[in-house]
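The values are calculated or read from the model by the stated rules, or taken from the named source; none is laboratory data. Please read all numbers here as calculations on a predicted model, not as lab measurements. Heads up, the Cβs are rebuilt from the backbone with ideal geometry, glycines too, and the neighbour counts pull from every protein chain shown.
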């Protein structure tokens, strides 16, 4: 599993220009850190909408979701409005956090049929790309971190652009750690 202690002091801006440290996200409960492929992509929009549909379930568990993307606070704000995301949207200016968490950059023709098929389905559903931010080849991922940030209990790293995690899987991972008692100093 991934380590989050290496990013606990990293700082990111939210979509309203407020500065946050990662350790603040998992202080009061478990958190799903959702690294988006890019703000304006159909894949990023779909991922945010899928998880937003599960927002009430996550909140009922005493957990939270944080959407993270490469860009500026105004791009994060635009993304939050366009996607209808209820979760906080954080932005980073470079790829450092993505590389630290082991999220890769896709090769040009990696799984083109899967990506094209998913993209066509998104367009049919009315989800259109609108703005490129960051690196369009950067892939996303989701990391579920237990309260206190001691460890990542569940993770999903995209292998290709259309490799999006299901909201039910994220909720199940959060439910599993929310059900466990929190013990101080346990590893």
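Quick notes
- For region 3-28, the tally of residues that are buried (at least 20 other Cβ atoms within 10 Å of the Cβ) and either modelled with pLDDT of 90 or more or out of contact with any helix residue (DSSP H, G or I) (no Cβ under 9 Å at 6 or more places or on another chain) (or both) stands at 6.
- One residue from 70, 66 being closer than 17 Å to residue 145 by Cα and either surrounded by 15 or more Cβ atoms within 10 Å (Cβ to Cβ) or modelled with pLDDT of 95 or more (or both): 66
- Among the residues of region 38-50, just one is assigned to a loop (DSSP other than H, G, I, E, B) and touching a strand residue (DSSP E or B) at 6+ places or on another chain (Cβ under 6 Å), namely 39.
- Residue that is farthest from residue 95 (Cα to Cα) [pool: residues in region 12-28 that are in contact with a strand residue (DSSP E or B) (Cβ under 7 Å, 6 or more places away or on another chain) and part of a loop (DSSP other than H, G, I, E, B)]: 26
- Members of region 30-63 found to be over 11 Å from the mean Cα position of the chain (by Cα), surrounded by 19 or more Cβ atoms within 10 Å (Cβ to Cβ) and under 21 Å from residue 148 (Cα atoms), listed by number: 30, 58, 63
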